[in-house]
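Take a look at the structure below.
Quick note: the coordinates plus some simple rules give every number you see, no bench work behind them. Quantities reported herein were computed from a predicted structural model and do not represent experimental measurements. Counting neighbours? That spans all protein chains shown, and the Cβs are built from the backbone with ideal geometry, glycine included.
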Amino acid sequence: MKQKITILGLIITGFTLLVISALVAYLEWNPTDQEAASINNSKLWGASGELWDPKGRLPDFSYAGYHAGEKPIPNIPVKANVKNFGAKGDGVADDTQAFKNAIAQTNNGAILIPKGTYKLSSIIQITKSNLVLRGEGNTPNGTVLRFTKSVKDTMGESFPADTGIGGMVWMGKNRSNSYPVPVSNISNVTKSAKRGDFNLTLNNASTIKAGDYVVLKLDESADKSLGGQLIDFITTEHGNAPWQPLQFRWPVQVTKVSGNVITLKQPLRLDVELKWKPAIAQYQPVTEVGIENLYIELPNIPYPSHHNGRGYNGFHFQGTLNSWARNIYVMNGDNGVGMDGSVKHTTIQGLTLNRQGTKTAHHGVTFNANVADSLFENFDIKVLFIHDISVKHYTNGNVIRNGTGLDLNFDHHKNYPFENLFSNINVGKGSIGEGYKNRMWSSAGTGSAGPYSGVRETFWNIRSNNWSAPPPPSKVNDWQDGKVAFTPDTDFPMVNIIPARENKNTRHHWFEKIDNLQPADLYQSQLNRRLNNQTSTPIPVATATPKPANTTIPVATATIKPTNTITPTSRLPGSPTTIYQTAACGQADIKGDGQFGIDDFAEFARAYGNGKNTCATGTVNYGPCGGKDVNNDGKLNIFDFGSPVIGFAQRYGPHRTCNLP
């Protein structure tokens, strides 16, 4: 009996020791890099797209921006100077006619606007392709365009200038309304297709050639099934606003023509059914236009009230393709920036919006009327607009990323905005509670225009100064007080919020709780994946470094010069030549000399940093020219650029290699 007890005791003791050993091993366990990565990755994407289903609920956003992200914004040679056309730039003389003459008489180049203050009393508009307005600085000491009139003063009292349409600097051909863009049919589509497909069959493709941009037209049917797929059939109430029934217009490039089958550059965002009378139509945009390095100043007049502004608006794109605005500061705008009328592949980069005195205005940045695959990045919205960033009226495939604001809201203004991405953004205050109920989600729009949003809107790595993951949306009706105006199941179908505060996944919403989400910016990760799969080198895209939740993202104000390889004009004085050895991938040989050193970090900081675009120091502290303390050790050195753990290159390096010496 005693022997049995002893054996039993040994068994219990052994089992106890086994449990303790397992517990100790568990507590001491350190995940491998791959295991740690999986903890920080979304199940919809993974580390670099290995978990992604291209036809699933996470769309492909990689086609956003100038030339679909495949080319850097160019530095167009100067062809003219406004002062040669009589502009004074003294803030007293009216320079409007000089600007108009310069635009009319200049072709295929940039018009230089030297430093100074230019008084302008009318809209300055570019209606022809291949023209750029280039200033010499977006500060009050740089190139100041001081407008004395409003959009209504130029366009007439009936023009809807306080809806985010029209600007005092205007790229494209203006129209008084935006529903839809007038186009002429080329051919009818004769075969149905599915979302994610690349091919369309036409009755006659003889006039279409590879490289052409065309417009896919879809018109709502009597059963309202086109609108139904845009809201995942969550309701039968599609709206009866004046611009409805739905008229969807999607510009897209053709890459191949085989008989009557055309191949598109990017996958379809919607199913195509014959009952929607699908057709291919002409696309006649204004292309390769831009504005750069300007301080746009509107009169310091308090915004009167909602929808009653006169349209002291900043700048506007209408019907543009492969165009851009970079390093622009807009002061006192009723509406800061607008895009409208089937704009495609247009980039707004390095924008600041501000006001003197009152901090209230209408729309900050508006994506309107079939704007597709355009990019808004590296921004700072210092004004509490009623609608800070608005998407509405069938806008799709657009990316808003790498920016911050005073207390941002992502306004979904009804009429089916769908498949847009908000990525790597610090919303600022992130108001929650009394007075503001989840202001980030505050949305509006015409009451008769159906749900606030269409399908598959995606919010990736959104944070505030006060929280690291956004609160869940909830139903409150008073949007004018900054309160949320939708619920995910009824007004925001198939929404993706990553990270969220809880794991809660259904057909209609995907909430995924993740700490330290990687990649920090979904757009850049998707772009890198697509271009790598095309055996192309990813194009460097200007990015802002993700900051902790209690800090504000700095915004680039220096001229951004993305190129495939950034080559310094000379070796920086005092730069160490020691190469930092590491087995971690992601190092970026920016200098292109086959080595990985502090020079590469300096050049990367020059092009993409948030400081001045110079580096005269003889030390390795590149703070003045945009260096970032990525690893938060209080120092700026090679370890911020790349390290065995994480560094600037691992997150953003476009030239990924492990083969450097």
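Kindly state, to the nearest 0.05, the FRET efficiency for Thr190 paired with Ala47, given R0 = 41 Å and r defined as their beta-carbon distance.
According to the calculation, E is roughly 0.45.
At Asn81 and Asn300, where each label point lies 7 Å from the Cα along Cα→Cβ, what is the point-to-point distance in nanometres?
Going by the 7 Å Cα→Cβ label model, 3.2 nm.
Label-point separation (nm) for Asp90 and Gln356, each offset 7 Å from Cα along Cα-to-Cβ?
2.1 nm
Determine the gain in length on full extension of the stretch Glu502-Asn199; use 0.36 nm per residue of separation and subtract their C-alpha separation, reporting nm with one decimal.
Separation in residues times 0.36 nm, less the Cα-Cα distance, equals 105.2 nm.
Under 1.5 on a/c is rounded, so check that first for segment 109-234, then, if it is not, pick prolate when a/b is larger than b/c and oblate when it is not; a ≥ b ≥ c are the square roots of the alpha carbon gyration tensor eigenvalues.
prolate
Go through 273-284, 329-340, 85-96, 140-151 and give me the packing order, highest mean Cβ count within 10 Å leading.
Top to bottom by mean Cβ count within 10 Å: 329-340, 140-151, 273-284, 85-96.
Would you calculate the separation in nanometres between label points at Phe233 and Ile39, each defined as 7 Å from the Cα along the Cα-to-beta-carbon direction?
Here the modelled spin labels are 4.2 nm apart.
Rounded, prolate or oblate: which one fits segment 188-316, using the alpha carbon gyration tensor with axes a ≥ b ≥ c (rounded when a/c is under 1.5, else prolate when a/b beats b/c, else oblate)?
It is oblate, given that a/c is not under 1.5 and a/b is not larger than b/c.
Assign one of three labels to segment 91-144, namely rounded, prolate or oblate, based on the Cα gyration tensor with a ≥ b ≥ c the square roots of its eigenvalues; rounded applies when a/c is under 1.5, prolate when it is not and a/b is larger than b/c, and oblate otherwise.
Verdict is oblate for segment 91-144.
How much FRET efficiency would the formula 1/(1 + (r/R0)^6) give for Asn516 and Lys429, where r is the Cβ-Cβ distance and R0 is 25 Å, rounded to 0.05?
Calculated transfer efficiency: 0.65.
Give Lys344/Lys392; Lys209/Lys256; Lys224/Lys344; Lys217/Lys277; Lys83/Lys149; Lys277/Lys392 a once-over and call out the pairs whose C-alpha atoms are over 18 Å from each other.
From Lys344/Lys392; Lys209/Lys256; Lys224/Lys344; Lys217/Lys277; Lys83/Lys149; Lys277/Lys392, over 18 Å: Lys224/Lys344; Lys83/Lys149; Lys277/Lys392.
Which whole-Hz couplings ³J(HN,Hα) result when phi for each residue of segment 401-418 is put into the Karplus expression 6.51 cos²θ - 1.76 cosθ + 1.60, θ = phi - 60°, listed in order with x for Gly and Pro?
Karplus values, whole Hz, x for Gly and Pro: 8, 6, x, 8, x, 5, 6, 5, 10, 9, 6, 9, 9, 6, 6, 6, x, 8.
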